[in-house]
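First up is the structure itself, then whatever we jot down about it.
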Amino acid sequence: MKYISTRGAAPILTFEEAMLTGLARDGGLYVPETIPQMAAEEIAALAGLSYEEVAFRVMRPFVGDTFSDAEFGDIIAHAYAGFGHSARAPLVELSSNHFLLELFHGPTLAFKDFAMQLIGQLFEVALARRGERVTIVGATSGDTGSAAIEAFRGLDAVDVFILYPHGRVSEVQRRQMTTPTEANVHAIAIDGHFDDCQARLKDMFNDFDFRDGVRLAGVNSINWARVLAQVVYYFSSAVALGAPHRKVSFTVPTGNFGDIFAGYIAKRMGLGIDQLVVATNQNDILHRCLSTGAYQTQEVIPSISPSMDIQVSSNFERALFDAYDRDGAAVAQLMEDLKSTGGFCVSQGVQQRLANDFTSGRASEAQTTAAIAHWHQHSGELLCPHSAIGVHVAKAMRDNATPMITLATAHPAKFPAAVEAAAGLHPPLPERMADLYDRPERMSRVANDLSALKAFIEERITS
Ligand SMILES: *Cc1c(COP(=O)(O)O)cnc(C)c1O
């Protein structure tokens, strides 16, 4: 299995190389050269298997000969052993034919654990074999950073630096990043938005001297291995509801287009998906682009669903690459336009192609709050604000005959203030992390400035 860049001008890599590299050297994102297919019988045979077995069968063809079957099986087993639910990604029925896929039973209570726990194990095995170490730098709106720190804390071959927007993550998110005591973990509060953190991260990757000097590796949702890990729960949940014998639809609260893109890959592999619905908050660049063809960045407006407060949606580039018939030069041009003018327009043909795969909707702050209150009252289900956006949008988009699965991306206790304001109830943390508020915090505050960040990291890596 080979991986190519969405901008067509970077080296072609193996799975292992693409995973360790993150962002391609031409600024693009790695995607598989071809998408492996799963036949209906192979999908049917997933029924009744454990989550780990489904994960093995769905991901195996993408990994090539990077890992043996036995190694890959062990990696998957370790990745999901720390989850607080034996099904890993259980489905619950919210209302007739509308299901919630609970993706928040991992160690940091958000769906990012599915990918990050796997990536931690993949990196450890690959780096030990190569006798190398890497510096992981990530940008986070809250959940990626806590999941990355949890996955990499204490690993031998990795130093991990996480940039988060100062004052714009929830207290639980912040504490999950600032309370681990391992010396290889560094939480960095940046004076700026998430998009600033993401931009500085991209700057570091595009500074090849720095990148090679510290052996920079990326685990943001641009890393192909993360997208891959997320493909699994589309299969496990669809099969639980009758795939491949009937189609299902998914609604996905998204900002960076990572989670929904994993659903698109599942569809391309052969899973019978009817609708893939993109659900955004008031920072709705994806909804606007899918409805009008114009991808136009605006100011980020902080919301009660901070993990989706994004205006530059990195993974959308992967969808554009396919919509442009994998023409890397065309994608590179759009990204140039984005950089120089703050936006771009896709052609009508491309807009139509995107519309064949994705529909979209948005929820305002008031609609999000109302959805939390409504579902708590009517079903007893306490939704986190991100999941509530999904449920709100799903309700408007669904036809009642096709099962709709809304991805519940975080545990309500990760966003207690918004949940309490909406439902009048303080969501308690699960028992296993009840002492989070008592642990001492450790973080550094750094300016939104590339050279300051580079110096900070160079001083602290173990080489
Ligand atoms: C990261 C995150 C999202 C958005 O995920 P994308 O990678 O943008 O698709 C939604 N909800 C929660 C809770 C998150 O942590």
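The values are calculated or read from the model by the stated rules, or taken from the named source; none is laboratory data. Small disclaimer: the values here were computed from a predicted structure and weren't measured. So basically every Cβ, Gly included, is an ideal-geometry build from the backbone, and we count neighbours across all protein chains shown. Areas reflect the complete protein model, heavy atoms only, side chains present, ligands, DNA and RNA absent. Shrake-Rupley method; radii C 1.70, N 1.55, O 1.52, S 1.80 Å.
Put simply, of L407, L436, L453 the only residue that is farther than 30 Å from F358 by Cα, buried (at least 17 other Cβ atoms within 10 Å of the Cβ) and either within 14 Å of the ligand (Cβ to nearest atom) or of a type outside the set (D, E, K, R) (or both) is L453. Scanning segment 141-187 for residues being in a helix (DSSP H, G or I) and of a type in the set (D, E, K, R) gives a total of 5.
One residue stands out in segment 158-191 among those that are out of contact with any strand residue (DSSP E or B) (no Cβ under 7 Å at 6 or more places or on another chain) and small (G, A, S): the one that is nearest to A217 (Cα to Cα), namely A183.
Would you confirm whether any residue within segment 162-169 is surrounded by fewer than 21 Cβ atoms within 10 Å (Cβ to Cβ), away from the ligand (no atom under 16 Å from the Cβ) and charged (D, E, K, R)? No, the conditions are met nowhere in segment 162-169. The sole residue among V185, V214 that is without any contact (Cβ under 8 Å) to a residue 40 or more places away in the chain, surrounded by 17 or more Cβ atoms within 10 Å (Cβ to Cβ) and away from the ligand (no atom under 16 Å from the Cβ) is V185. Note on segment 235-279: among residues that are among the charged types (D, E, K, R) and surrounded by fewer than 24 Cβ atoms within 10 Å (Cβ to Cβ), the one that is farthest from D113 (Cα to Cα) is R246. Just to be sure before I move on: is E431 more than 16 Å from the ligand (Cβ to nearest atom) and modelled with pLDDT of 95 or more in the structure I sent? When the stated conditions are applied, E431 does not pass them. Please go through segment 338-376 and pick out each residue that is more than 24 Å from the chain's Cα centre (by Cα), open to solvent by 50 Å² or more (accessible area, probe 1.4 Å) and not aliphatic (A, V, I, L, M). Once the filter is applied, which keeps residues that are more than 24 Å from the chain's Cα centre (by Cα), open to solvent by 50 Å² or more (accessible area, probe 1.4 Å) and not aliphatic (A, V, I, L, M), segment 338-376 yields S340, T341, C345, S347, Q348, Q352, H374, H376. In segment 106-139, the residue that is nearest to L49 (Cα to Cα) out of those that are assigned to a strand (DSSP E or B) and within 16 Å of the ligand (Cβ to nearest atom) is A110. Filter segment 356-369 down to residues that are touching a residue at least 24 places away in the same chain (Cβ under 8 Å) and over 16 Å from D284 (Cα atoms), then give me how many there are. Matching residues across segment 356-369 total 2.
Filtered by the rule that a residue be part of a loop (DSSP other than H, G, I, E, B), within 27 Å of F415 (Cβ to Cβ) and more than 11 Å from the ligand (Cβ to nearest atom), segment 284-308 gives D284, T297, Q298, E299, V300, I301, P302, S303, I304. Scan segment 380-408 and report the pairs whose first residue is among the acidic types (D, E) and whose second residue is away from the ligand (no atom under 14 Å from the Cβ) and open to solvent by less than 10 Å² (accessible area, probe 1.4 Å), with Cβ atoms within less than 9 Å and a gap of 6+ or a chain change. Close Cβ pairs (under 9 Å, with a partner that is away from the ligand (no atom under 14 Å from the Cβ) and open to solvent by less than 10 Å² (accessible area, probe 1.4 Å)) amount to D399/S249. Scanning segment 377-400 finds no residues that are open to solvent by less than 20 Å² (accessible area, probe 1.4 Å) and more than 16 Å from the ligand (Cβ to nearest atom). Here A229 clears all of (1) crowded, with 22+ Cβ neighbours inside 10 Å; (2) more than 11 Å from the chain's Cα centre (by Cα); (3) more than 21 Å from A323 (Cβ to Cβ) except the condition numbered (2). Among the residues making up segment 434-463, those that are without any contact (Cβ under 8 Å) to a residue 12 or more places away in the chain and outside any loop (DSSP other than H, G, I, E, B) are D438, S451, A452, A455, E459.
Taken as a whole, segment 268-280 holds at least one residue that is within 21 Å of T6 (Cβ to Cβ) and either in contact with a Gly (Cβ under 9 Å, 6 or more places away or on another chain) or within 16 Å of the ligand (Cβ to nearest atom) (or both). Here G328 fulfils each of the conditions (1) open to solvent by less than 20 Å² (accessible area, probe 1.4 Å); (2) over 30 Å from S5 (Cβ atoms) apart from (2).
Residue selection: D207 satisfies the criterion of being open to solvent by 30 Å² or more (accessible area, probe 1.4 Å) and in contact with a Leu (Cβ under 8 Å, 6 or more places away or on another chain).
Exactly one residue out of N256, N223 is under 18 Å from the mean Cα position of the chain (by Cα), modelled with pLDDT under 95, within 13 Å of the ligand (Cβ to nearest atom) and over 30 Å from A366 (Cα atoms): that is N223.
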